[in-house]
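K.L.:
Let me give you the structure first, and then I'll get to my questions.
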């Protein structure tokens, strides 16, 4: 049985708790066991813009805590994943800041040696569980469902650091979605940013970037966005709802989290998957499900 | 006389203090939202809503919270058994002492017909309850001063609270212990209850008390004859036992007496019984009078907070009631530091050593601000940084044993400080995400002000360098500062293909990107190549960067474009810190 340390970060428990419950439910079916560490703190991503040391310390302390358990880390959030991977990359170099960070972590009775493998939720499903095993678990498949997958920047790039997938033509997420019977549509802005990093610092720009994505996804006849990151999901769900409120008549394109999409076709009940917790109604997703497999 | 005067004085101060503190609950506001409500409107709104809850099904939730979270303190139990034991011992020990012992004449006497403090079970129970409090205080001292609990800070208020409890209980045990040994007390009792005994009988009684009841006497000396003791015991049973249980029942006092016994005679003659009596009741009265102004007020404010939050709905509650609740919440914090133990931003605290980053340490300054106290410049900056360096993960709210809705409190206080306080560079980070999500709560005309202030602080002095009509001086030392870390110096590989600017979604968003962003990514790389670091630091581009890494990914020359933009941001922020330090040192602070 596979066992990971589960890292959910800050946004998921406070604003997208359904991502956690859905992800747990799906992983359980695949026999993946998750260990929790209460002493985890922020990955450092939100401080990275203005305070490199706070960012590094945050990531490295989490990695050092994981090392005490001798397990790899399974990360749900793209931005946490990116921050942890970048911190690992920075710590591989020598320098005074690195020494300072190590010193502080050691003062806390921990040590960092870079032993923990940082894994993204989608990578674990794709590489470890595998498409074939996923297909075996499906109770129903989707029919005529068009999905616009949102890879998210911080998982894909910088690819030399994150090593998630081919940065120019990634396919991992598309294949995972296709495994459920849904069609992953091609859309022009697929690999672009959702706009969340500028939410709160330049709201107009953030909204523009999202609107372009929305247009492109609608043009590609997508029925839903599908995300694997709480920031992307909040941008596509919560923020889109705010924008819809501001512009009467605009039709929303709801967003579903990948474990919600997968979980439904695996026969996990909508309540466990937290379908109702999304701000924009995604209940019609169930109407795309085929009859029970024989 | 002293007793009566100080009792009434402390009671008066206590009740006036409660009225005053209760009054502030309706007058003050913790932050930005709900500033324009009158105290009377808030009072009547609270009154109305409380009535509405009492006559609705919500009463079940209210009672449930009272039993599980107030009386049984479920949240502390979840956190740590030791802490739960500590708080339960102090809480129940003290409550029971208060009703059975301090208010014995009023409460116990009216409930039980045979009440006499020296009779069992009361004689025993007083020591039991006192020992409970003492055990709790010992755990508190060990936790606060000996165990190395991360980020558990101990303020002078915490020390006072532990200290006053310790003085009350220890003086009580010493007093009753000394009374057991006291010859003076013994002869007073004899005069009152057995004054007619013969000298021989008295000596027998005294011998029996020395031998069996812990008395220390200068009149009789060991060893005692068996028949003398037998006679003394008979006298004891006839005249004493009906209203004096064996001294051993008061186990803690009895042991204290035994420990004191070598010095007991001298202490008795020096009048220590009286001195300890004064210390005991005066410490009780000081504790009572000061209670409304100390953290012990939490015995009122915390249950109110816990029960209010059990029935209040974040979205539906009236703003008047939220404003009132938030002031009560500031009083409900016991500074237990559970929030800081699990704070997601804890490493921000480690990096910056600003204690206000820790949630538990923010309450005191927020209280001061709510009371309208002026804080100096450096203090205000520190609090603003502390309250902004928060990832809004809500863990503090989830774990708070006092049930404080810290999440909402931060949002509210943060906006006020952002609007009224100095520029805060942290506003330009992704920590602003949640402020963006809540932007509709702030009037649209003032929402951007904190961002403009911060942008001005980090960039204003570099902006003139971006003037396209300015001639550029390329001779050294125009180079300015070098980029901080060696491996970000990849800008020198740039051969100007402009791929980075072409793929940048921010650049692509504008028809006039250069006007909007100052410099485009490739121009920034070029500027750095020319040594124009400060020019690059003035570009709005660095702050509008999504950190999506498209530029870096698409660079054919392996220039770490995004990482370089990060370094420029660090340098711009460091410039603000430096300027502030110089300003403070130059006497900008009084």
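K.L.:
Can you name every residue in the stretch B:332-355 that is surrounded by fewer than 23 Cβ atoms within 10 Å (Cβ to Cβ), away from every other protein chain (no Cβ under 14 Å) and in a helix (DSSP H, G or I)?
P.N.:
Once the filter is applied, which keeps residues that are surrounded by fewer than 23 Cβ atoms within 10 Å (Cβ to Cβ), away from every other protein chain (no Cβ under 14 Å) and in a helix (DSSP H, G or I), the stretch B:332-355 yields only B:355.
K.L.:
Identify, by number, the condition in (1) within 13 Å of another protein chain (Cβ to nearest Cβ); (2) under 21 Å from residue A:279 (Cβ atoms); (3) part of a helix (DSSP H, G or I) that residue A:194 doesn't meet.
P.N.:
Unmet condition: (3).
K.L.:
May I ask you to list the residues in the stretch B:540-590 that are on the phi < 0 side of the Ramachandran plot, outside any helix (DSSP H, G or I) and surrounded by 13 or more Cβ atoms within 10 Å (Cβ to Cβ)?
P.N.:
B:540, B:545, B:546, B:548, B:555, B:557, B:559, B:560
K.L.:
Answer yes if at least one residue in the stretch B:372-392 is away from every other protein chain (no Cβ under 14 Å), closer than 19 Å to residue B:150 by Cα, buried (at least 20 other Cβ atoms within 10 Å of the Cβ) and in contact with a helix residue (DSSP H, G or I) (Cβ under 8 Å, 6 or more places away or on another chain), and no otherwise.
P.N.:
Looking through the stretch B:372-392, none of the residues is away from every other protein chain (no Cβ under 14 Å), closer than 19 Å to residue B:150 by Cα, buried (at least 20 other Cβ atoms within 10 Å of the Cβ) and in contact with a helix residue (DSSP H, G or I) (Cβ under 8 Å, 6 or more places away or on another chain).
K.L.:
Conditions: (1) within 10 Å of chain B (Cβ to nearest Cβ); (2) without any contact (Cβ under 8 Å) to a residue 24 or more places away in the chain. Residue A:231 meets all but one. Number of the miss?
P.N.:
Of (1) within 10 Å of chain B (Cβ to nearest Cβ); (2) without any contact (Cβ under 8 Å) to a residue 24 or more places away in the chain, only one is false for residue A:231: (2).
K.L.:
Kindly indicate whether any position in the stretch A:30-43 is assigned to a helix (DSSP H, G or I), under 30 Å from residue A:198 (Cβ atoms), touching a residue at least 40 places away in the same chain (Cβ under 8 Å) and in contact with a helix residue (DSSP H, G or I) (Cβ under 8 Å, 6 or more places away or on another chain).
P.N.:
Within the stretch A:30-43 (the criterion being assigned to a helix (DSSP H, G or I), under 30 Å from residue A:198 (Cβ atoms), touching a residue at least 40 places away in the same chain (Cβ under 8 Å) and in contact with a helix residue (DSSP H, G or I) (Cβ under 8 Å, 6 or more places away or on another chain)), the answer is no, since none of the residues qualifies.
K.L.:
Identify all residues within the stretch B:221-236 that are within 57 Å of the chain's Cα centre (by Cα) and surrounded by 12 or more Cβ atoms within 10 Å (Cβ to Cβ); write none if there are none.
P.N.:
B:232, B:233, B:235, B:236
K.L.:
If you don't mind, there's one more thing I want to ask. Conditions: (1) at pLDDT 95 or above; (2) outside any helix (DSSP H, G or I). Residue B:313 meets all but one. Number of the miss?
P.N.:
Failed condition: (1).
K.L.:
Just to verify a result, which residue in the stretch B:524-552, among those that are without any contact (Cβ under 8 Å) to a residue 24 or more places away in the chain and within 14 Å of another protein chain (Cβ to nearest Cβ), is farthest from residue B:572 (Cα to Cα)?
P.N.:
Top of the filtered list is B:549.
K.L.:
State all residues of the stretch A:142-184 that are within 14 Å of chain B (Cβ to nearest Cβ) and outside any loop (DSSP other than H, G, I, E, B); if no residue qualifies, say none.
P.N.:
A:153, A:154, A:155, A:156, A:159, A:160, A:161, A:162
K.L.:
Check residue B:320 against each of (1) in contact with a helix residue (DSSP H, G or I) (Cβ under 9 Å, 6 or more places away or on another chain); (2) surrounded by fewer than 22 Cβ atoms within 10 Å (Cβ to Cβ); (3) assigned to a helix (DSSP H, G or I); (4) modelled with pLDDT of 95 or more and name the one condition it does not meet.
P.N.:
(4)
K.L.:
So is residue A:243 within 14 Å of chain B (Cβ to nearest Cβ) and part of a helix (DSSP H, G or I) or not?
P.N.:
Yes; evaluated as a whole, the condition is true for this residue.
K.L.:
Given (1) surrounded by 17 or more Cβ atoms within 10 Å (Cβ to Cβ); (2) at pLDDT 95 or above; (3) away from chain A (no Cβ under 14 Å), where does residue B:274 come up short, assuming only one miss?
P.N.:
(1)
K.L.:
Got a sec? Which helices (runs of 4 or more DSSP H) wholly within the stretch A:70-141 have at least 1 residues that are in contact with a strand residue (DSSP E or B) (Cβ under 8 Å, 6 or more places away or on another chain), away from chain B (no Cβ under 14 Å) and within 29 Å of residue A:153 (Cα to Cα)?
P.N.:
A:78-91
K.L.:
Quickly run through the stretch A:208-225 and pick out the residues that are more than 7 Å from chain B (Cβ to nearest Cβ), crowded, with 20+ Cβ neighbours inside 10 Å and closer than 29 Å to residue B:428 by Cβ.
P.N.:
Within the stretch A:208-225, A:210, A:213, A:214, A:225 qualify.
K.L.:
Looking for whichever is out of contact with any helix residue (DSSP H, G or I) (no Cβ under 9 Å at 6 or more places or on another chain) and either in contact (Cβ under 8 Å) with a residue 12 or more places away in the chain or outside any helix (DSSP H, G or I) (or both) here; the options are B:195, B:177. Which one fits?
P.N.:
After ruling out the rest, the residue left standing is B:195.
K.L.:
Then there is this: How about the stretch B:493-503: which of its residues are farther than 20 Å from residue B:468 by Cβ and touching a helix residue (DSSP H, G or I) at 6+ places or on another chain (Cβ under 6 Å)?
P.N.:
B:494, B:499, B:500, B:503 - these are the residues of the stretch B:493-503 that are farther than 20 Å from residue B:468 by Cβ and touching a helix residue (DSSP H, G or I) at 6+ places or on another chain (Cβ under 6 Å).
K.L.:
Take the stretch B:393-419 and flag every residue that is surrounded by fewer than 24 Cβ atoms within 10 Å (Cβ to Cβ) and at the interface with chain A (Cβ under 7 Å from one of its Cβ atoms).
P.N.:
B:394
K.L.:
Just to check your reading of the model, which residue among B:202, B:170, B:152 is touching a residue at least 40 places away in the same chain (Cβ under 8 Å) and either surrounded by fewer than 22 Cβ atoms within 10 Å (Cβ to Cβ) or assigned to a helix (DSSP H, G or I) (or both)?
P.N.:
The conditions single out B:152.
K.L.:
Still on this structure: Considering A:67, A:20, which residue is more than 9 Å from every other protein chain (Cβ to nearest Cβ), without any contact (Cβ under 8 Å) to a residue 60 or more places away in the chain, outside any strand (DSSP E or B) and under 28 Å from residue A:194 (Cα atoms)?
P.N.:
Sole residue among the options that is more than 9 Å from every other protein chain (Cβ to nearest Cβ), without any contact (Cβ under 8 Å) to a residue 60 or more places away in the chain, outside any strand (DSSP E or B) and under 28 Å from residue A:194 (Cα atoms): A:20.
K.L.:
While we're here: Is there a residue in the stretch A:192-210 that is in the same structural domain as residue A:277 (by TED's automatic domain parsing), more than 24 Å from residue A:47 (Cβ to Cβ), touching a residue at least 12 places away in the same chain (Cβ under 8 Å) and in contact with a strand residue (DSSP E or B) (Cβ under 8 Å, 6 or more places away or on another chain)?
P.N.:
No, because not a single residue in the stretch A:192-210 is in the same structural domain as residue A:277 (by TED's automatic domain parsing), more than 24 Å from residue A:47 (Cβ to Cβ), touching a residue at least 12 places away in the same chain (Cβ under 8 Å) and in contact with a strand residue (DSSP E or B) (Cβ under 8 Å, 6 or more places away or on another chain).
K.L.:
Now a separate question. Any chance the stretch B:359-371 includes a residue that's within 9 Å of chain A (Cβ to nearest Cβ), under 24 Å from the mean Cα position of the chain (by Cα), more than 30 Å from residue A:236 (Cβ to Cβ) and buried (at least 22 other Cβ atoms within 10 Å of the Cβ)?
P.N.:
Looking for residues that are within 9 Å of chain A (Cβ to nearest Cβ), under 24 Å from the mean Cα position of the chain (by Cα), more than 30 Å from residue A:236 (Cβ to Cβ) and buried (at least 22 other Cβ atoms within 10 Å of the Cβ), one finds none in the stretch B:359-371, hence no.
K.L.:
Moving on. For the stretch B:420-463, enumerate the residues that are more than 13 Å from chain A (Cβ to nearest Cβ), under 24 Å from residue B:333 (Cβ atoms) and assigned to a helix (DSSP H, G or I).
P.N.:
The one that is more than 13 Å from chain A (Cβ to nearest Cβ), under 24 Å from residue B:333 (Cβ atoms) and assigned to a helix (DSSP H, G or I): B:420.
The values are calculated or read from the model by the stated rules, or taken from the named source; none is laboratory data. Since we're looking at a predicted model, the values are computed, not measured. All Cβ positions, glycine included, derive from the backbone under ideal geometry; neighbour counts span all protein chains shown.
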